[in-house]
1. How many of the residues in the stretch 34-58 are within 15 Å of Phe79 (Cα to Cα) and not in a helix (DSSP H, G or I)?
2. Restricting the search to the stretch 224-247, which residues are charged (D, E, K, R) and surrounded by 16 or more Cβ atoms within 10 Å (Cβ to Cβ)?
3. Do you know which of the residues in the stretch 107-144 that are surrounded by 22 or more Cβ atoms within 10 Å (Cβ to Cβ) and under 23 Å from Leu44 (Cα atoms) is farthest from the chain's Cα centre (by Cα)?
4. Give Phe150, Phe175 a once-over and let me know the one that is within 9 Å of the ligand (Cβ to nearest atom) and within 18 Å of His257 (Cα to Cα).
5. Which residue is surrounded by the fewest Cβ atoms within 10 Å (Cβ to Cβ), if the candidates are limited to the stretch 160-170 and must be within 13 Å of the ligand (Cβ to nearest atom) and more than 17 Å from Met96 (Cα to Cα)?
6. Could you check how many residues of the stretch 145-165 are over 22 Å from Leu82 (Cα atoms) and under 13 Å from the mean Cα position of the chain (by Cα)?
7. Within the stretch 66-83, track down each residue that is surrounded by fewer than 24 Cβ atoms within 10 Å (Cβ to Cβ), out of contact with any Asp or Glu (no Cβ under 7 Å at 6 or more places or on another chain) and small (Gly, Ala, Ser).
8. Restricting to the stretch 84-106, name every residue that is modelled with pLDDT under 95, closer than 21 Å to Arg43 by Cα and touching an Asp or Glu at 6+ places or on another chain (Cβ under 9 Å).
Amino acid sequence: ETTHFGYQTVSTREKENLVKGVFSSVASNYDLMNDIMSMGVHRLWKTHFINKLDAGMRPGTDRPLAFLDVAGGTGDIAFGLLDHAKHKFQDIQSTMTVADINPDMLMEGERRCVVQTSYGRSPRIQFLEQNGETLDKIEDNSKDVYTIAFGIRNFTDIQAGLNTAYRVLKPGGVFACLEFSHVDNSLVDTVYQTYSFSLLPLMGQLVANDRDSYQYLVESIRKFPKQEEFAGMVRKAGFYVPGKGYEDLTFGVAAIHIGVKL
Ligand code: SAM
């Protein structure tokens, strides 16, 4: 079976290895890359994503949530969700599993967990090396909230990833995805395309000395399904998709998709 990687057609296995390579080569440079890619706006998108989910054990109840952050990389979303639950709902019991295919990203996440958060070495947080397409160490119907931020477009088989999200969520569980998406407004799109196709790889080269990784990222964003199509895939996995199923952020440069397992 073949798939695309940048401008090349490669085997599925090769793509997996290439994706691993991209993230290994950027793990330490990772925040810088995100900042360059989104001109710093990814931080606002992530905060909005976490606030929108508004997840946490409500005071007066006694059912801690089981969170799963897939492609969790360096832990931004995972720590943000736990912080939100704590500050808004005084929830200090819900648990978090961070799953990522790349051990270097996970190691960076664990390091930050110890150095930057109060969850370091807590049994509430667990880091797991897992392919998000299968999540074979995660049981069926075991999670309340499944999040994935800027990860699913790297999957070789996105539908398999969505089907797996459905499998691991409990009935009533919520799937939430934050991902680069497609700009609808043609004027804004012209500016955005110019930026991403010409300037981004150049900036990647100048700032991180890594043109290829940035080139790959631009290509992977372009190939990712449009908002409506992706909402259709979430539905196809079995989820109930409320409303139109997504929220555009910054003209659709990124989008949040939500699904509920009924
Ligand atoms: N969620 C983090 C964030 O928003 O900062 C990290 C996003 S980073 C751009 C993409 C992550 O997806 C990388 O850590 C990479 O290792 C991971 N990844 C790529 N393919 C994956 C797969 N098939 N299964 C699990 N993780 C994957």
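1. Summing the residues that are within 15 Å of Phe79 (Cα to Cα) and not in a helix (DSSP H, G or I) in the stretch 34-58 gives 3.
2. Step one: filter the stretch 224-247 for residues charged (D, E, K, R), giving 226, 228-229, 235-236, 244, 247.
Within the stretch 224-247, just Glu247 meets the criteria.
3. Here the residue is Cys113.
4. On the way: Phe175 fails: within 9 Å of the ligand (Cβ to nearest atom).
Phe150 is the lone residue from the list that is within 9 Å of the ligand (Cβ to nearest atom) and within 18 Å of His257 (Cα to Cα).
5. For the stretch 160-170, the residue satisfying everything is Ala160.
6. So in the stretch 145-165, the residues over 22 Å from Leu82 (Cα atoms) come out as 153-164.
Keeping just the survivors that are under 13 Å from the mean Cα position of the chain (by Cα) gives 153-155, 158, 161-162.
Counting residues in the stretch 145-165 that are over 22 Å from Leu82 (Cα atoms) and under 13 Å from the mean Cα position of the chain (by Cα) gives 6.
7. Once the filter is applied, which keeps residues that are surrounded by fewer than 24 Cβ atoms within 10 Å (Cβ to Cβ), out of contact with any Asp or Glu (no Cβ under 7 Å at 6 or more places or on another chain) and small (Gly, Ala, Ser), the stretch 66-83 yields only Gly80.
8. Filtering the stretch 84-106 for residues modelled with pLDDT under 95 gives 102-106.
Going one step further and asking which of them are closer than 21 Å to Arg43 by Cα, we end up with 105-106.
Passing the criteria: only Leu106.
The values are calculated or read from the model by the stated rules, or taken from the named source; none is laboratory data. The structure displayed is predicted, hence computed values, not measured ones. For neighbour counting, all protein chains shown are included, and Cβ atoms are generated from backbone atoms with ideal geometry for every residue, glycine included.
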